[in-house]
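Contents: one structure, followed by commentary.
The values are calculated or read from the model by the stated rules, or taken from the named source; none is laboratory data. From a predicted model like this one, the values you see are computed outputs, not experimental measurements. Because the Cβ atoms are built from the backbone with ideal geometry, glycine has one as well, and the counts that use them run over all protein chains shown.
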Amino acid sequence: MSDSVSSEGLEGAFEKLSKFGLTSYEIKVYRTLLTNGPLTAMGVVKLSGVPQPRIYDVFNNMISKGLVEASPGKKKVYRALPVTTVLGRRIEELTLDIEAMSKKLEEN
């Protein structure tokens, strides 16, 4: 398998994260952190292509979604949580939402 084919397959896999509510910038940041390890905000900007003025909003959204952790202190280093952890949690949340909705519909 050539690098371009495997790279395209990986890109497609990351694009599927949009089904879980991630924006294109969040997908770029998440991929960058997963493939390069923990980085500073400027490191992520350089490698991901996300504009510098948007990076802290993207990080804040990703932290609230449970995708990324930030180190304490002034010069933060950001780390992506594993895909299986993040998506597993999201699937559990969706399953509970579906069960609650089904229960309400049955009651009515």
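What the table shows:
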| quantity | calculated |
| --- | --- |
| Residue within the stretch 88-103 that is without any contact (Cβ under 8 Å) to a residue 60 or more places away in the chain and not in a helix (DSSP H, G or I) present | no |
| Residue ID - surrounded by the fewest Cβ atoms within 10 Å (Cβ to Cβ), chosen from residues in the stretch 50-64 that are of a type outside the set (Val, Ile, Thr) and in contact with a strand residue (DSSP E or B) (Cβ under 7 Å, 6 or more places away or on another chain) | 59 |
| Out of 47, 81, 33, 67, sole residue that is surrounded by 13 or more Cβ atoms within 10 Å (Cβ to Cβ), touching a Ser or Thr at 6+ places or on another chain (Cβ under 9 Å), within 19 Å of residue 18 (Cβ to Cβ) and free of Cβ contacts under 8 Å to residues at least 60 places away in the same chain | 33 |
| Residues of the stretch 75-99 that turn out to be modelled with pLDDT of 90 or more and among the basic types (Lys, Arg), as a count | 3 |
| Leading residue by the ranking (modelled with the lowest pLDDT) among those in the stretch 52-74 that are outside any helix (DSSP H, G or I) and aliphatic (A, V, I, L, M) | 67 |
